[in-house]
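Heads up: the structure comes next, in structure tokens.
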Amino acid sequence: MLKGILSISGKPGLYKMITQGKNSIIVESLLDGKRIPAHSFAKVISLEDIAIFTETEEVSLAEVFKAIIEKEGEGNPAPDAKKISGDELKEYFEEILPEYDRDRVYVSDMKKVLVWFNLLLENDLLKMDEEEDKEEETDSESAEEDKK
């Protein structure tokens, strides 16, 4: 679901990886569709690698997005992070992820999650169908067989 979607520190929004060059990768902004290079010195993070701290473990961003979809209904946006208060954000996170770590998950992190969710939804990149999960399982199974 989040494969190839990137966050670049210091740049707004999210980016889709297009291709890889010698000292950079070419990314396309999900905000305006412009393509730019992300150089090797930029802090680039894949959304697949991001997790939210809970009291017991870390929960992947994909799981958090699934919880938002279950709460809001498929195809419906999350609340606008710019229009709700910090206390309302905390209440919302308690509903979707009751065990989130209140000491390590900041309001700014919560806002970012909601902004990213809505941006991915607008760009039709939140696909929660079971076929995608089966494809991922098949890919990992064939990779394990290749190792043998």
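Quick notes on this one:
- Residue-averaged 222 nm ellipticity for the chain, from DSSP H runs of 4+ at -39500 (n - 2.57), nearest 500: -12500 deg cm²/dmol
- Extension gain from Ser60 to Leu31, taking 0.36 nm per residue of separation minus the Cα-Cα distance: 8.1 nm
- Förster radius 35 Å - calculated FRET efficiency between Arg104 and Lys22 (Cβ-Cβ, nearest 0.05): 0.40
- Volume per residue for the chain equals 145 cubic angstrom (convex hull of Cα atoms).
- Fewest neighbouring Cβ atoms within 10 Å first, the residues Met110, Met1 line up as Met1, Met110.
- Candidates Val115, Val27, Val44, ranked by Gaussian network fluctuation over the chain, Cα under 10 Å, top entry: Val44
- Contact order normalised by residue count of the chain, Cα under 8 Å, 6+ apart, percent: 20 percent
- Measuring nothing but how far apart in sequence close Cα pairs (under 8 Å, 6+ apart) lie, relative to its length, region 5-47 scores a relative contact order of 39 percent.
- Ellipsoid equivalent to region 50-122 - semi-axes via the Cα gyration tensor, in Å: 18, 14, 11
- Efficiency of FRET from Cβ geometry, Lys90 and Lys127, R₀ 35 Å, rounded to 0.05: 0.75
- Over region 1-79, the hull volume per residue, using the convex hull of the C-alpha atoms, is 127 Å³.
Computed from the coordinates by the stated procedures, all read-outs in this text should not be read as laboratory data. Treat the numbers as computed from the prediction; the structure is a model and nothing was measured. Cβ atoms come from the backbone with ideal geometry, glycine included; neighbour counts cover every protein chain shown.
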